[in-house]
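Each remark here refers to the structure printed beneath this line.
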Amino acid sequence: MPHQIKTLLHREGWPLAVCCGLVYLGFAIQLLGICMSLDLFPLLGPGPVWHFIGEFGFNLSTLSPLLALFALHILRSPVAYESAPGKRQFAWRIVGSALLLSLIEFYWSWNGHAGWLRGYVG
């Protein structure tokens, strides 16, 4: 696995990793907020830091479909065709799952589930 990540960064570059990483970070913040709204983490309470994290997660959820589509564009660019398609299955899985997660988190944020954010933010 570390070798695959190293070749992914070498071949497709850091923009792909940053775009996918931001999508995964937004999804993690969404899950944290949902778990906090269900009182699964009773030790974590509202505060000024959580306000920033909640707003940042909401903004990432809004931008995540665009970030995932940009990662897909990077993966399909002519520079990425230098290697054989069979050796790039790991990159396709990362970008495909990022695209799927971005649509899920965008749906969660903008389809009425953002009620946890109001309580989560403060």
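What list do you get for Cys19, Cys35 if you sort them by fewest beta carbons within 10 Å? Please list the in-between numbers first.
Numbers: Cys19 25, Cys35 13.
Listed from fewest to most nearby Cβ atoms, that is Cys35, Cys19.
For Val49, Val95, Val18, Val23, what ranking results if the residue with the fewest other Cβ atoms within 10 Å of its Cβ goes first?
Working: Val49 9, Val95 26, Val18 13, Val23 29.
The order, fewest Cβ neighbours first, is Val49, Val18, Val95, Val23.
Could you calculate the contour length gain from Gln89 to Phe52, that is, 0.36 nm times the residue separation minus the distance between their Cα atoms, to one decimal place in nm?
Numbers: separation 37, 0.36 × 37 = 13.32 nm, distance 3.61 nm.
Extra length available between Gln89 and Phe52 comes to 9.7 nm.
Take Ile104, Ile74 and order them by how many other Cβ atoms sit within 10 Å, fewest up front.
Values: Ile104 14, Ile74 19.
In order of increasing Cβ crowding within 10 Å: Ile104, Ile74.
Using a basic spin-label model with each label point 7 Å from the Cα along Cα→Cβ, how many nm lie between Ser37 and Ala17?
Calculated label separation equals 3.4 nm.
A short reminder: the numbers here are calculations on the coordinates, not readings from a lab. Because the structure is predicted, anything quoted here is derived from the model rather than measured. Glycine gets a Cβ as well: all are built from the backbone with ideal geometry, and neighbour counts include every protein chain shown.
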